[in-house]
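Student: Input: one structure, supplied below.
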Amino acid sequence: MEKESEILGRARRYEVTAEKKVEESDRPLFHLSTRCGWMNDPNGFCRYHGEYHMFYQYHPYSTDWGPMHWGHAVSSDLLHWKYLPAALAPDAFYDAGGCFSGSALTLPDGRHLLMYTGVSGKKKNEEAESCQTQCIAVGDGIEYQKYEHNPVIDGKNLPEGFSRADFRDPKILQEKDGSYTCIIGNRAQNGNGQLLQFRSEDALSWRYDKILIRNDGRFGRMWECPDYFDLDGKKVLLISPQDMLPEPDEFAGGNGTLCLIGNTASGEFRTEAVQTVDFGIDFYAMQTVKAEDGRRIMIGWMQNWDTCMVRRKDAGWFGQMSLPRELHLKNRKLLQSPVRELEQMHGRRVRYTAERISDRRQLDGICGRRLDLEMTIRPDENAEYNKLKRFTMRFAMTGGGAEHLFYSSLTYDASLHRLTLDRKYSGIRRAALHDAQCPVTGDTEELKLRIILDRYSAEVFVNDGQQVLTMLICTEQNADQIDFEADGTAVMNMTCYELV
Ligand code: FRU
């Protein structure tokens, strides 16, 4: 293997020292956070030699986005991660502007292949200069060597009128016959996104095949970070569109997360259903991996471009991944649940059965910032004149004696069947989007919630993962109180585990 470049060597030396400045207790316990500096999208999420590998968009030198490197970590259970040396640095003429997002797979000879977008140093408006191209690096799980004939796909492979400037985030797939397919985000002449399909026999030399799907202005503009896989008898496309227009009850505006469920019976992808992947504030650019036991597991960047200014001032790192989630389809609906490995982190358990909630109060033993809380809420059938109108859980709340009352909340509006996650009072001093909603669908009056807290985040799984809402919070860790309140009477069952 060739010696690492100076730019990569510098990043690797830097991260070793910078990492030491971050206290373990200042990081999430089981969400992967950046080793130092800045993290965005998950990249190359895969299994290799019996371990999960996660690469990520990485700027080691500051907590702001900068020339993109690929950070690297491995795990055997998706919850305990070990950092490896940065895998890629922007050190070639075709990627001097950054090694953007991409994916990974194992070659038949056992070597590991990374496919990513190389951004040349050219400015975006110099369209003709073909500033985003697709590149390859091959390695052994630690050291990667960029392919001598990079870029392997560039503007010359593209039909007339397709953008050379917005052409990124290759998802490489191995077909059953051993050939390869690659799906890449692109912008058409009318400014809308489209996903392009390329084909290859050896994963090195590629030819343009077709447009897999056109956006046509339906969902935002440019489409980023595609993933494409089989799930429970259907084809699923995950896409992160930019510039979404909001639509009541289904899409928030800005950078969205879409799941397209469909089939390819006709040879083309036909969409049967579309839904938001995560209704919360902080989720984007998700990728999946197939576990050895066949589970399809998704991780997203637990952040969003629209809300990056909501952050802790004093932290030496910025950016973490969501909890890995198992995916399923039921009646053309995506269901998500926390990976079952999380149960191995269950510590002390506290349980409440048929607890009646009306006036605001705390429950003995229910507090903390690293918790797995499972609960059901239903209206009290006997409360004729006191029907359940609203249920609220406040968490990450400061206790008595604190200078300010800070908290975040999850509120269920029983008449509108709507859930709201809100961090307005969590201590943020910026005027930005602080809440997110989703409609609650389900066949019963009972609402089922699973809430995962890990120091600086809350992920809410609604009715067995029919909807999910993810939100970061910056509130200090001593804000660990939780309380409950209902307008009307709610009957609640709860099991709460400390996560250790
Ligand atoms: C999505 C994205 C990708 C790109 C990367 C750059 O968050 O914009 O399209 O490859 O981030 O860091």
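Each row is one residue, and each column tells you yes or no for (1) of a type outside the set (Lys, Arg); (2) open to solvent by less than 10 Å² (accessible area, probe 1.4 Å); (3) closer than 30 Å to ALA87 by Cα.
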| residue | (1), (2), (3) |
| --- | --- |
| VAL138 | yes, no, yes |
| ILE142 | yes, no, yes |
| GLU148 | yes, no, yes |
| GLU160 | yes, no, no |
| TYR180 | yes, yes, yes |
| GLN194 | yes, yes, yes |
| ASP202 | yes, no, yes |
| PHE219 | yes, no, no |
| TYR228 | yes, no, yes |
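Student: Of the conditions (1) modelled with pLDDT of 95 or more; (2) touching a strand residue (DSSP E or B) at 6+ places or on another chain (Cβ under 9 Å); (3) more than 26 Å from LYS290 (Cβ to Cβ); (4) more than 15 Å from the ligand (Cβ to nearest atom), TYR52 satisfies every one except a single condition; which number is it?
Tutor: Failing condition for TYR52: (3).
Student: Taking interchain pairs and intrachain pairs at least six residues apart, which have beta carbon atoms under 6 angstrom, with the first residue in segment 378-390 and open to solvent by 100 Å² or more (accessible area, probe 1.4 Å) and the second among the hydrophobic types (A, V, I, L, M, F, W, C)?
Tutor: Hits for this filter: LYS389/ALA414.
Student: Here is a further query. Of all the residues that make up segment 61-93, how many are among the hydroxyl-bearing types (Ser, Thr, Tyr), more than 18 Å from the chain's Cα centre (by Cα) and outside any loop (DSSP other than H, G, I, E, B)?
Tutor: Residues of segment 61-93 among the hydroxyl-bearing types (Ser, Thr, Tyr): 61-63, 75-76, 83.
Narrowing the set further to residues that are more than 18 Å from the chain's Cα centre (by Cα) leaves 61-63, 76, 83.
Keeping just the survivors that are outside any loop (DSSP other than H, G, I, E, B) gives 83.
Qualifying residue count for the region: 1.
Student: Take the residues of segment 267-317 that are within 26 Å of ILE211 (Cα to Cα), more than 16 Å from the ligand (Cβ to nearest atom) and not in a strand (DSSP E or B): which is most open to solvent (accessible area, probe 1.4 Å)?
Tutor: So the residue we want is GLU268.
Student: Just give me the residues in segment 67-106 being among the polar types (S, T, N, Q) and open to solvent by less than 10 Å² (accessible area, probe 1.4 Å), in sequence order.
Tutor: At the first step, the residues of segment 67-106 found to be among the polar types (S, T, N, Q) are 75-76, 101, 103, 106.
Listed by number, the residues that qualify are SER75, SER101, SER103.
Student: Enumerate the pairs (first residue in segment 305-328 and touching a residue at least 60 places away in the same chain (Cβ under 8 Å) and not assigned by TED's automatic domain parsing to the domain that holds GLN242; second residue anywhere and assigned to a loop (DSSP other than H, G, I, E, B) and buried (at least 17 other Cβ atoms within 10 Å of the Cβ)) with beta-carbon separation below 8 Å, excluding pairs fewer than 6 apart on the same chain, so at least 6 apart or on different chains.
Tutor: From segment 305-328, no pairs qualify.
Student: Listed residues ASP41, ASP64; which is open to solvent by 20 Å² or more (accessible area, probe 1.4 Å) and within 16 Å of the ligand (Cβ to nearest atom)?
Tutor: Details: ASP41 fails: open to solvent by 20 Å² or more (accessible area, probe 1.4 Å).
After ruling out the rest, the residue left standing is ASP64.
Student: Which residue is farthest from the ligand (Cβ to nearest atom), if the candidates are limited to segment 162-178 and must be acidic (Asp, Glu) and surrounded by 15 or more Cβ atoms within 10 Å (Cβ to Cβ)?
Tutor: If we take residues in segment 162-178 being acidic (Asp, Glu) and surrounded by 15 or more Cβ atoms within 10 Å (Cβ to Cβ), then ASP166 is farthest from the ligand (Cβ to nearest atom).
Student: So, one more: Which pairs turn up if I take residues in segment 147-172 that are more than 20 Å from PRO90 (Cβ to Cβ) and outside any strand (DSSP E or B) and look for partners that are within 15 Å of the ligand (Cβ to nearest atom) and acidic (Asp, Glu) with beta carbon separation below 9 Å, at least 6 apart in sequence or on another chain?
Tutor: Note: no pairs meet the criteria.
The values are calculated or read from the model by the stated rules, or taken from the named source; none is laboratory data. The model shown is predicted, which means the values in this text are computed figures rather than measured ones. Every residue, glycine as well, gets a Cβ built from its backbone with ideal geometry; the counts of neighbours run over all protein chains shown. These area figures cover heavy atoms from the full protein model, side chains too; ligands, DNA and RNA do not enter into them. Shrake-Rupley method; radii C 1.70, N 1.55, O 1.52, S 1.80 Å.
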